[in-house]
Each structure stands twice: as structure tokens, then as C-alpha cells.
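Chemist: Here you go, one structure.
The values are calculated or read from the model by the stated rules, or taken from the named source; none is laboratory data. Nothing here was measured: the structure is a model prediction, and the numbers come from that model. Here the Cβ positions follow ideal geometry from the backbone for every residue, glycine too, while neighbour counts run over all protein chains shown.
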Amino acid sequence: ESEEREDPRMYQLIKADVEGGHFQLVEMEKVRRELAKFIQKQWKEIATGYSLTFDRATIIPSKDLKNGEICVPWMKEGEKVLNFRAPFLNSNGMCLSVNKLVSDRLSPDGSDLEGVIVVNDETLEQINQRIEALKTQGIETDEIVPLQTESERQARDFDGDTLGVALARDWTNLALEVESRNLPENAYAPTIKLPKQSFYNPDGTQPPFEEIAHFMSDSMPVGVTNNQVVGFVALESEVEILKQHGTKEQKLGYVLTVADHYRRLIEQAKDTESPRPLDPNYQETIAKFIKLSLDPKNINSALELNRQFYRQLIEAACFENQVAVDMFKSARAPDMELIAENRRYMYRDVNYIKDKKSPTAYLDRTIEPTGYSPVEIIINQTNRYYQESSLQSRAIAQFDQLFEGVDYSNQQKLAATQVKQDFDQVMVEAIRLEQRRQSDVGPSATFISTKGVEIEITNLVKSDFPDIWKSTGKQFNIHLKPNQTGTNHQLVAYAKLEPSQKSKVIGAAAPKGLSQKLEDGNYLGDKEGTEYLPLGTLSVDFIRELKLQPGMVTTAKLTSLKPEISQDQVQALFKSAYEIANDFRQSIPPEQLPAMAAAAWAVSTTREVKSQKSKVKSEELGGGQGRQGRQEGQGSQFKSETKKVSAFVFSAFTPEISEILSDLRLNRLHLYQLNPEAKIQGEQELEVGVRSQESGVRSEDGVRNQDGGVTEDVHRLYRRELWSGDTRIGVLGSRTAQLPVGTTGKATVRAEAYTATATIAQPGLPPVEFTIREVTKFDFGDRKFNGESLSLTVVKDMPVAEKVLLKLQGKVLGALDAASVKDLEAIDYLQDENPLKLKLESFGDTNGASGYVIGTSANGNKLRINEVGYHEYQGQKFKDTEYRRLHLHTGATKKRDAVLVDGAVVGVLHFVKDKQTLNQLGLYGKAITCSLQSNWSSVVAEIDPQSVEYPQKWIRTANVAQEQIKPYQQQIKAELSQQLAYSVKERPTLLTINPEDKVLGTVTLTFDARKSDSVYNWLVARNVEFEQLDVSAVPRETEKGLITYALIKESISPRDMEVLGHKYGVSWRAYQEQLDLLPHKPENFESIKLQPPKTTTQNPLSYLSPPKASVAQHMVKDVAMASIATQFIGKSAAKDMTRSSTRNYELAWGDRANTGEYSADDIVMISGSGNWRGVTPKAIEQTFQEHYIPLIDKALAQRSRFVVGSSQGTDMLVQKYLQSQGYELNANNEGYVQLSPTEGRRQMAVGWREELSVTENQDISPLS
């Protein structure tokens, strides 16, 4: 929003680039971002379902319509119409009505009113009277009095309300679901709409107007309650998806994850220091769910129980939401403590609700859902397409040739540098302010610590700290804690309450807005007797600048309160930045604009340099030994490289850039990693082409796929190569211009040598070689050496370059840039001790090599001073408003060990080993006869613009998903989501025997028409005889998107029949019922791809989520063990109501857990309890003796092998026991150990799964 003003300029540039035909700027980061922003909204809408739209119009009532009827003028009489009114919270608000055209739709002239939908306004009493009247007349009717009328369900009040409408036949699946959910037994309880409550006090007095206005304007409760409804609806629908389409393993993983969450709540309720009791209404449900989770046979019952539980929570949240939306006209407020309490029962954060509002979603990253609700499945599907088609940018240095040939002076370049820095500083501040505006709600407070450090605390309105708005000038004891609420802020500031303030929070359940739990599940206020409460969040800028950490404490005075950052403030800053660019452009004479544009482009396309982190010390806040919080970016789902944007040059010189894009300018390619077979030494004319080659991968430590290897979703690195025919010439350099993969054309190719190798022949001894560097910079720069014999002399510390230093107050500021030296030489002013009066301005990091200073004289001339990080003013920043007096110091020289021929410099020595070898041989200062060979290290290819032919389709040289390296759990969730999406899209496969089949000896197989090829091939491969039934014989199946085969029963093997019957067999009656329930195929049915998802693993732990965030890293090790194991031994020593990974693992392994039957081929994974969460060493020892040893002994008898972790408790008992039985322990870098028999050891079979026979499910995969 804030950068809208820039859009016309960027549109002009992109249009010019496209019309030029060379697309030279498409891969620049600035252009990529602009194009990405253009379609960002569309990606978000596709991902979250907002691209699915209904027609909308204003509603008016009619007495000619009864409940269940609607009049949509542009739809035909009798059509079924889906209709809803926003906000749409649950399925009660979606109605399926019959279209009836009534006269109320007509205007006085008899034409249809435009933009109007006519609806019924029947009340329950009127419906009842109508039904009774029919019965009185002896007319039978199936209609019953509903719990709510359509008007009540949609809260219609005809004050400008609108409805969204669509034909049911266009949304067949949705219409069927709406019809089902509208049945009385499936509908949610009606949301009660309470009467408006007066703002007057009970005694009849009116509160101050300001209090009423503040109450009415508070939009936070509406957002909080709405998000809770949406969250619980997502969780309920997730259960529906799993029940209908999930596998047994997927359902079990879900049930165990939810059970662990409920166990955590029980642990919090039993905490002796700070209990958080469960709602009595939900205790029985939670206990029953945990009990059901202990037996895999009860999975479906557990799923249904949890679905009903979520429905209760949805109904409660809908009521609070209705209260919240009425706050602008009623004094009644929603129960925010109840909302906070009910949120605890969400087993996970439905993160897409928040992430879809992120300004970077589908601009730099995707939304990564944490579950499998319908919207989240759509998001995962969208992510796949986004990662395949999202735009790609390259390093900005690859575009520096664009203005090549347009001359500019050093003075112009320095002037552009100064203005660009002013522009960038304002732009960065505007972007920072915009980010703060989005993350920091309401006013902020500025505090000064006792040591004078300024601290800004934001989001005060979310904390509701007592009397904070009246506390200016007061001292606060502030304690920094890690933020665990899921927001982007890393730290929360807690403040100690005064005695007078404690009474105001006694009995409070928890802090309202910044409600968060510590690791033990308690609130800081609860833990310390409400001594501390959250005050607000720490500004990101202050955390970075002061290096703040959790555990730090300070005493600070509240000095001022600042108003909330407004959109106008942000826009004013962006406007200021663009005014800087525009003012600079206006100051340039028209004839100098091309040169200044070239100068600005040169400045803007320099290579990205990472700046050092701030070195501001943090000791002033006081040390703290608190638990370490999240570092910046830690835990983030996305890893991205920051590319230089350089908005300045685009803002100031749009016309000049647009004009130059008509010709191919980026046509000089520098090639490295040369192929010797190409034999490029001189200058040649070649037909060339650009190709792509994968050059490796980059991943994170600990990121592994389910089989224990490196994840597939890593940053794949590709390089562009230049080929001539079938011969590779070399790789395009990382800082050179690039052309799209597939581009062909004619090129002038020449080799370049920057170094040479000198070889000294020694009689009877191996030859001595040394490298001469920088040969192109000195006297033989244009000469190429081809092994000729020359007399060389190596000179130590020879002056090879003269430095001109600038001194300030007798101290060296830095060295004058070479271009500035020439500027002084041109006016004959380069003399030792000559004075200069300059205003100094610093650029870059003045602590290192990249920092420099520009000095400006009174008449506007400029000098650049380099190397400021190596002299007396290291680290000092200049931004002068007054002139300083400096002096030139000439005569300083740069000395290098040089190589000479007849007194002329060939190059210099660089490598220490070369210098040591020559020194040991005593060859310094002596004439040496050597053979000299140029090292052809690079090739320059000049592409003829007239010969260029671009590919029809550009090939990506790096996957944009490269920057989104997904942790293991995210990979599993994405894979499961793809499986569920496939199951949802797929029409069922049904095998039945109808009456005709019994006579003909056939079997009817009906399946999704989009799988016809795979099913046909499978049947042929199994030698099954069959015939496809004609459309006329199976019209119902055809209109449902199905194909029907008649299989000859005798041609089906008994084994195949058993497998098919087990998976797809249904009775003829069930076949008919399923066919009735199946919706008609939509118009675009055949175009909806039905590609089976890739299943990369059969790991039994794949679908489990860690019971706690801190366990996630340990679980990576357990998953790696499970990926190679064939069986499992484990029994939890914890009580049923206590969380236990071992219990979950035992259930997940199913019939391969604790079998008691083993072989020498088995690799047995062992896992067990540790002494935490109340599990005692005695309980661990007892479980080990009673359960583990008997099973381990049976495996030992068969000489099985084992894998086990190294945690204290069961793991260590297992290791010691196996070692005592003669097993050898071998640790690995996966975090677990392997134990094998000492004698006749065999290598652990990591790839054991590949040796297994094909399973039954895999046999019939084409049908699945």
C-alpha cells in the first residue's frame, strides 16, 4: 500500500523491457518484487479459498416467499441456490434454498430490479401456523419447524445486508454438504443474540463519553473471537477429513498428538504451585478421549468424540463473537477470559489465520499450514504450484553492464552515491516504520534505565497493565522474558506490580493480550504470586541494537508515551524518499541525464556486501541468567537471501532506463571453470548456447527425510553454462551478465589470463613452479605467454603502486580513491601537504574494508577516501554540516614482491609457499631462466545481439523453494496433505456383483474416469478379461464421472480377487447408496488433475507430532532409527495421563511392537522412559526388568541387531545390558547408537526396505 506511488514507474520500466524483446530486467530483485506484488493477492486468495466467489446483491423481504425459498432474479425458477451472509462463521449460515420468482423483484415498469435479491422473512411462529393450517386441511407435509429460520441463521435485518448466491449445480459437493449439515441432527446450536445493553450505569448515571467511545471503538475482541471460531471450525473439519479420507496411521498420529496435548492440560491442572484447572464441563470429555487413545481399535470413536468437543467450543465462540460485533451499539462485552480459556483446548495453532495477513506471504514465502483442514489442504496444493512458478531473481551485480558505453565522470558517480544514501536511509526507515505499524498495536512507552539506556516497549494495549497510562515519571522494575505467544516479537517486558496494583489483578485468570505460558505451563504472574505482569513487547530495533536477551533485568523510568504509528506517517516517509530522487533528477541539466543515469546505475549495481552486526554493548541493562530466548530468525519456517533492490535508480531515472532497454546490453559473458577440450586460447567466432547444470545442493543440519537422508526439499544449486555444439566452454560467473537457459546465438569468444606459471628447470631435480599474479595490471598486460623461455628477476618489497593519504588533524583518515587521484591530477593539485576543506560523509561499515568517506568541497567537488577502517579514524561516522581542514600526504607506496623482465614488471607474487621456495633457493634478486605460460583462467564471450534467439519457455536455474528449506515435520505434513487432497478429489473405486453379474459370471468394477489408463494397464498386466460398459448402460455412473468395467470372474486369480474384494468390495445395495451420495461431475471434471502423490516413506513415526517443542529435535533421532528398524521394543513407565513418546511409538508401530518373535535379519528399535514428568528411576528399572529384558533376550537368542538412543533412563539401561551380553556399541552422528553381535557382525542394513516384497496395497496401487 505504502509504495503505490512507485507502481506507474515500475510499470513503465517493465513494459519497456518486455517490448524491447530481451527481458533484461525481469530477474532483477526490484522487478521481481513488483511483479510478485502484482499477483500476490491472487496467490493469497487461491491459497485461502477467497478465489471461490459467489454473486452478491442487497436483500429485500417478501411475504410471497416462505422459509426455504429465495428469489434471485437472474436465476431460473426451481433452481437450488446456495446463499450465505458474511461474516460466515459456521455452516448454519449457509442455506440451500429453492428459487421462486416473485413480483417483489420487479420495478414499477415491470423490469427486474438490479442488484437485488428477494428473501423470505418468515418467523418460527409463522412457519408453525402455516404447517398447522396444512394439517387442518388434511394436507400431508414433511416440513417441520426448524430450530432457526433462514433469516435468523443469517441474522438478516434488511439495513443494507447483502447475500452471496450461487447455483447449487455448479457446486455439487458443497451443496450436498450444506444439505447434510442443515439437517437438525447435524446443525450447530443456534447462536443466541442477546438484547442490547444500555451504556448507563445501574444508578442511572451516564459514564464519561470518552469511556463509551473507547469501548465502542475497540475492535480487538471482534478479531479475537472471530479467529477463535475460524480456528475451531478448521479443527473440526480436519477431523472430518481424517475420518473420511485418512489412513489408519494418519488417524492414529492425530489421536496420539491430541491426547498428548490434553495430558499437558491435565498436568497443568495438577501443578501444586500454580494450578490451571480444567473447565468442569470438559473434564469428562478429555479423560474419555485419553482413554480411547490408548487402544488403536478406538481411533474412530476418539475422532468423533473430539469432533463433538470442538462443536461445543465453536458454539461457545460464536456466541462471544455475536456479543463482540454488537459492541458498537451495546455495553455488553464478550467474556475474553472464557475465550482465553477455551483457546487452551486447541491442540495446535491454526497458523494460516494469522499468516494470510502477512505482507510477505506469497511475496517472499509461502504459508506453511500446520494441519489438514480443507483450507490448509488447499494451501499445501497452492504451495506446490507457487514453488514451481514463482519468480526468480539474481544478484544485482549481474546487471551492471546495462549502461556500458555511456560515459560518466567520477564527480557524477560520487554525487549519485551521496543522494542514493540519503534516499536509502529514508526508504529503510519507511519500511521499518511500516513493519512496526503492522506488528505494534496502539501507543508505545519510552523508558530510561538507571544507566541512561533508552528502551521502547510496544503493544501496551495488549497487556492491560494497571494504571500504565497514568504512570509517566514512575520507576518500573522490568524483567525480560522470551515471547511464547507466536507473534514476531522475541521478548516480552514484565513489570513488577506495586502493592496498590496487586489488588486490581487478584483473581485475574491470566494476562489478557500477551497471555503466554512458560516452559512449566504457568504464567509468570501465577508463578510469583502475581508479582509481575506483562507490560508489553520489546521493539525489534532495540533488541538488535542493545543485544537484549531473556533474563535481563533493569530499573527504568517511564518518560513518555508515544501515539500509535499511523498509515499517514509511513506514507509521508515513502513520499520523502521519492522526493529526494525527484529533486535530484530536477537538479540535473537535461543533457547530463544519460550520464548521471549511468553513474547511478553503476553505484546501484555494486555487489551486495553483508554488514557487520551492531556492536552496541548490552551490559547497561544488567546481566541475567534466564533461559535463552529465540534468536532473530530462529525457528522461522523460511530461509531467504536478502538481495539488493536499489530502488533509487529506478525512481530517479525511469525514462533513461526504459530507453536503453530497446537493445541487448547484457551480452558480455565471463566464463570460468573452463573445459580444456574447448581449446579456447585466442579469439574465435562460435555458435553458442546457454544450458543449465545442477551443481550441488544446500541444506540445513538436522533436516532429514523420513528415510534418514537429506530432505528432497533443499536448495538445489544450478549453474548456467555456455556450450558450443556438444562441447562445454565454461560456467557463467556469479557476477557476470546472464542469458536465459536455452538461448542461442553467435559469439566472439576470447580467452583471458590473469596469472602465469613460471617453471624453473633444475638438472637432476624436479622443476620448481611458482605463480605470477595480476599480470594484466602491469607492463605485459596485453601479452600472452606460451611456454617461451625468459630471464626473470624476483625483487622483494618493490614499490608497485603509489598511495595518496588524507590526514585529518595529523592523523590518517584513509587513502584517496584512484579516480579521485586522477581528478586532482587533472587540476594539478596532487602535491604533498596541499590543504583541502571538505565536509565528510561516511558510507558502509567504517570498521572494515568496505567503508569509505566522501568529502565535498565548497564548490561541490568531491573526493572518495578508502581504507578508513584501517587507520586512526576506524569506526567513526561522519555526517558533517561544517567544513574540516585536511591535508594530502603523497609518497606512500604499496610494496609487493614483484617479477621483472628487463626491468619491466610482469606481475607480483602472492602465495606464501612460492615466496618461501624462492627464498630457500636463494633466487631473490638474481636472474632466473624460466619458461612462462599464461594460465587461461577465464573466457569472455561477446554475444551478437542480432543473432540471439530466446527459448519459448524459460527454464528456472534455481527453484524458488530453494529458500524454503522445510523442517522434517513440515515435510511430513505437506506429504500427508497431498495424500488427503488426492483422496478428496478421487471418485471412489467400487467392486460389486449385481443381479446381472450373477447370471453372466462377471464382476462390476466402477472407478474414477481419470484413472482409466492406469486401471486398464493393471488389469491387462494381471491377465484379467474385461469389457467397458457403454455409456447408455451406465448413465448414472457416467454423469458422476465414473467408468464401469465388467470383469470376467474366472479370469481373476483367487489372490487378486481377495485383495480387490477386501479393499473395494461392497454389496449391490451399498453400491447404489454410494452412487446416490456421489455428486455429479463438474463441467471441468476432466481437467482436474488426479496424480497420485509420492509416498516417500513407510516410517511408522512419520505422522506423529512431538508432544512438546523441546522434544522435536530428539524426535529427529527417533525417526532416523525407525527408518532402518524392522521391529520395536518399548513400554512407557509413565502413567496413562502423563505424556510419553514411548507410548506413542508403541502404538504407532502397531503389530510390529513388542512381538516377541525376532530373526537375525531384524533391526530392533528400542525406546523407553527417562526420569522426567514424574517418572521415577524405580519405575524405569521395574519396567525394564519386567518388560524389556524378556523381549531383548528373545531377540538376542536370534542374534538380532539393535538401535537405541543415549538418554538417561531406559536408553542407558539397554546399552549397558546389551554390552554385557557381548554386543558391540557403535555411535553415529545421527544421535543414536547401533549394537551388533561382536562375532560375525554384519553391516547395518540401512536400505532394508528395498529388499522387502511388494505389499498388497502396492499390488493394486493403480486402482487406489
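Chemist: Name the residues in region 785-798 that are surrounded by 14 or more Cβ atoms within 10 Å (Cβ to Cβ) and in a strand (DSSP E or B), would you?
Modeler: Once the filter is applied, which keeps residues that are surrounded by 14 or more Cβ atoms within 10 Å (Cβ to Cβ) and in a strand (DSSP E or B), region 785-798 yields LEU790, LEU792, THR793, VAL794, VAL795, LYS796, MET798.
Chemist: I would also like to ask the following. If a residue counts only when it is surrounded by 13 or more Cβ atoms within 10 Å (Cβ to Cβ) and touching a residue at least 60 places away in the same chain (Cβ under 8 Å), which strands (runs of 3 or more DSSP E) contained entirely in region 1177-1241 have at least 1 such residues? Quick ask: steps written out before the conclusion?
Modeler: Details: elements: 1201-1204, 1223-1227, 1233-1237.
Answer list for region 1177-1241: 1201-1204.
Chemist: Within region 198-289, considering only helices (runs of 4 or more DSSP H) that don't extend past its boundaries, which have at least 1 residues that are within 25 Å of GLY371 (Cα to Cα)? Walk me through how you get there before you give the answer.
Modeler: On the way: elements: 209-217, 220-245, 248-269.
Here the list reads 220-245, 248-269.
Chemist: Is it the case, given these coordinates, that GLU975 is modelled with pLDDT of 90 or more and not in a loop (DSSP other than H, G, I, E, B)? Steps first, please.
Modeler: Numbers: modelled with pLDDT of 90 or more: no; not in a loop (DSSP other than H, G, I, E, B): yes.
No: the conditions fail for GLU975.
Chemist: Still on this structure, please answer the following. Within the bounds of region 901-912, is there any residue that is charged (D, E, K, R) and surrounded by 15 or more Cβ atoms within 10 Å (Cβ to Cβ)?
Modeler: Residues of region 901-912 that are charged (D, E, K, R), as a first pass: 902.
After this cut, where a residue has to be surrounded by 15 or more Cβ atoms within 10 Å (Cβ to Cβ) as well, the list is none.
Scanning region 901-912 turns up no residue that is charged (D, E, K, R) and surrounded by 15 or more Cβ atoms within 10 Å (Cβ to Cβ).
Chemist: If ALA189 satisfies every condition in (1) modelled with pLDDT of 90 or more; (2) loosely packed, with under 15 Cβ neighbours inside 10 Å but one, which is the exception?
Modeler: Among (1) modelled with pLDDT of 90 or more; (2) loosely packed, with under 15 Cβ neighbours inside 10 Å, ALA189 violates only (2).
Chemist: When you look at LEU888, is it part of a strand (DSSP E or B), more than 30 Å from THR736 (Cα to Cα) and touching a residue at least 24 places away in the same chain (Cβ under 8 Å), yes or no? Show your work before the answer.
Modeler: Details: part of a strand (DSSP E or B): yes; more than 30 Å from THR736 (Cα to Cα): yes; touching a residue at least 24 places away in the same chain (Cβ under 8 Å): yes.
So LEU888 passes the test.
Here's the yes/no breakdown for (1) at positive phi; (2) small (Gly, Ala, Ser); (3) out of contact with any helix residue (DSSP H, G or I) (no Cβ under 9 Å at 6 or more places or on another chain); (4) at pLDDT 95 or above:
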| residue | (1), (2), (3), (4) |
| --- | --- |
| ALA1033 | no, yes, yes, no |
| MET1057 | no, no, no, no |
| ARG1069 | no, no, yes, no |
| PHE1085 | no, no, no, no |
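Chemist: It is to be established whether one or more residues within region 1067-1088 are exposed (fewer than 12 other Cβ atoms within 10 Å of the Cβ) and closer than 17 Å to SER1012 by Cβ.
Modeler: yes
Chemist: Can you tell me which of GLN381, GLN392 is within 30 Å of ILE1088 (Cβ to Cβ), in contact with a Lys or Arg (Cβ under 7 Å, 6 or more places away or on another chain) and touching a residue at least 40 places away in the same chain (Cβ under 8 Å)? If you could, list the steps in order and put the result at the bottom.
Modeler: Working: GLN381 fails: in contact with a Lys or Arg (Cβ under 7 Å, 6 or more places away or on another chain).
Residue meeting the stated conditions: GLN392.
Chemist: Another one. Of all residues in region 192-208, count the ones that are β-branched (Val, Ile, Thr) and surrounded by 10 or more Cβ atoms within 10 Å (Cβ to Cβ).
Modeler: Here is the first cut: in region 192-208, the ones β-branched (Val, Ile, Thr) are 192, 205.
Filter once more, so that each one left must be surrounded by 10 or more Cβ atoms within 10 Å (Cβ to Cβ): 192.
Final tally of qualifying residues: 1.
Chemist: Moving to a separate point now. Looking for something surrounded by fewer than 17 Cβ atoms within 10 Å (Cβ to Cβ), at negative phi, modelled with pLDDT under 90 and in a loop (DSSP other than H, G, I, E, B) - is there at least one such residue anywhere in region 712-729?
Modeler: Of the residues in region 712-729, the ones surrounded by fewer than 17 Cβ atoms within 10 Å (Cβ to Cβ) are 712, 717, 725-727.
With at negative phi added as a condition, the list becomes 712, 717, 726-727.
This time we only want the ones that are modelled with pLDDT under 90, so: 712, 717.
Still in the list and also in a loop (DSSP other than H, G, I, E, B): 712.
Yes, region 712-729 contains a residue that is surrounded by fewer than 17 Cβ atoms within 10 Å (Cβ to Cβ), at negative phi, modelled with pLDDT under 90 and in a loop (DSSP other than H, G, I, E, B).
Chemist: Out of LEU163, LEU174, I need the residue that is farther than 19 Å from GLN322 by Cα, modelled with pLDDT of 85 or more and not charged (D, E, K, R). Which one? Please lay out each step first, then the result.
Modeler: Details: LEU163 fails: farther than 19 Å from GLN322 by Cα.
Testing whether each residue is farther than 19 Å from GLN322 by Cα, modelled with pLDDT of 85 or more and not charged (D, E, K, R) leaves just LEU174.
Chemist: For region 53-61, does any single residue satisfy the condition of being modelled with pLDDT under 90 and of a type in the set (S, T, N, Q)?
Modeler: So in region 53-61, the residues modelled with pLDDT under 90 come out as 53.
When the remaining residues are screened for being of a type in the set (S, T, N, Q), the result is 53.
Checked region 53-61: at least one residue is modelled with pLDDT under 90 and of a type in the set (S, T, N, Q).
Chemist: OK, next. Within region 1037-1050, can you find the residues that are surrounded by 14 or more Cβ atoms within 10 Å (Cβ to Cβ) and part of a helix (DSSP H, G or I)? Please lay out each step first, then the result.
Modeler: Filtering region 1037-1050 for residues surrounded by 14 or more Cβ atoms within 10 Å (Cβ to Cβ) gives 1037-1038, 1040-1049.
Matches in region 1037-1050: GLU1037, THR1038, LYS1049.
Chemist: Might you let me know whether region 1023-1030 holds any residue that is within 25 Å of ALA981 (Cβ to Cβ) and surrounded by 13 or more Cβ atoms within 10 Å (Cβ to Cβ)?
Modeler: Taking region 1023-1030 and keeping what is within 25 Å of ALA981 (Cβ to Cβ), we get none.
No: region 1023-1030 contains no residue that is within 25 Å of ALA981 (Cβ to Cβ) and surrounded by 13 or more Cβ atoms within 10 Å (Cβ to Cβ).
Chemist: Is there any pair linking a residue in region 107-134 that is part of a helix (DSSP H, G or I) to one that is hydroxyl-bearing (Ser, Thr, Tyr), with Cβ under 8 Å and at least six apart or on different chains, and which?
Modeler: LEU124/THR149; ILE127/THR149; ILE131/THR141; LEU134/THR141
Chemist: Shifting gears a bit: Can you tell me how many residues in region 732-756 are assigned to a strand (DSSP E or B) and either at positive phi or crowded, with 19+ Cβ neighbours inside 10 Å (or both)?
Modeler: Taking region 732-756 first, the residues assigned to a strand (DSSP E or B) are 732, 744-756.
Checking the rest, the ones that are also either at positive phi or crowded, with 19+ Cβ neighbours inside 10 Å (or both) come to 732, 745, 747, 749, 751, 756.
So the answer is 6.
Chemist: Shifting gears a bit: Given the criterion buried (at least 17 other Cβ atoms within 10 Å of the Cβ) and over 26 Å from TYR950 (Cβ atoms), identify the matching residue among LYS44, LYS30. Spell out the reasoning first.
Modeler: Values: LYS30 fails: over 26 Å from TYR950 (Cβ atoms).
Selected residue: LYS44, the only one of LYS44, LYS30 that is buried (at least 17 other Cβ atoms within 10 Å of the Cβ) and over 26 Å from TYR950 (Cβ atoms).
Chemist: Only strands (runs of 3 or more DSSP E) wholly contained in region 382-490 count here; list those with 1 or more residues that are of a type in the set (Phe, Trp, Tyr) and either touching a helix residue (DSSP H, G or I) at 6+ places or on another chain (Cβ under 6 Å) or at pLDDT 85 or above (or both). Can you show your working first?
Modeler: Details: elements: 444-449, 454-458, 475-482.
Qualifying strands (runs of 3 or more DSSP E): 444-449, 475-482.
Chemist: Let me ask you something else. Working only within region 757-772, note down all residues that are under 30 Å from GLN401 (Cβ atoms) and either surrounded by 19 or more Cβ atoms within 10 Å (Cβ to Cβ) or among the small types (Gly, Ala, Ser) (or both). Give the steps one after another, and end with the answer.
Modeler: Within region 757-772, the first condition is being under 30 Å from GLN401 (Cβ atoms), and the residues that meet it are 771-772.
Listed by number, the list holds a single entry, ILE772.
Chemist: Determine which single condition THR123 fails, assuming it passes every other condition in (1) among the β-branched types (Val, Ile, Thr); (2) surrounded by 14 or more Cβ atoms within 10 Å (Cβ to Cβ); (3) in contact with a Ser or Thr (Cβ under 8 Å, 6 or more places away or on another chain).
Modeler: Of the numbered conditions (1) among the β-branched types (Val, Ile, Thr); (2) surrounded by 14 or more Cβ atoms within 10 Å (Cβ to Cβ); (3) in contact with a Ser or Thr (Cβ under 8 Å, 6 or more places away or on another chain), the odd one out for THR123 is (2).
Chemist: Now for a separate question. If you go through region 945-965 one residue at a time, do you hit one that is in a loop (DSSP other than H, G, I, E, B), at pLDDT 90 or above and among the acidic types (Asp, Glu)? Don't jump to the end; show me each part of the working.
Modeler: Step one: filter region 945-965 for residues in a loop (DSSP other than H, G, I, E, B), giving 948, 950-959, 964-965.
Next, from what is left, pick out any that are at pLDDT 90 or above: 948, 950-951.
If we keep only those that are among the acidic types (Asp, Glu) too, we end up with none.
So far as region 945-965 goes, no, none of its residues is in a loop (DSSP other than H, G, I, E, B), at pLDDT 90 or above and among the acidic types (Asp, Glu).
Chemist: Residue check: is ALA1160 surrounded by fewer than 16 Cβ atoms within 10 Å (Cβ to Cβ), out of contact with any strand residue (DSSP E or B) (no Cβ under 6 Å at 6 or more places or on another chain) and over 17 Å from PRO296 (Cβ atoms)?
Modeler: Working: surrounded by fewer than 16 Cβ atoms within 10 Å (Cβ to Cβ): yes; out of contact with any strand residue (DSSP E or B) (no Cβ under 6 Å at 6 or more places or on another chain): yes; over 17 Å from PRO296 (Cβ atoms): yes.
So ALA1160 fits the description; yes.
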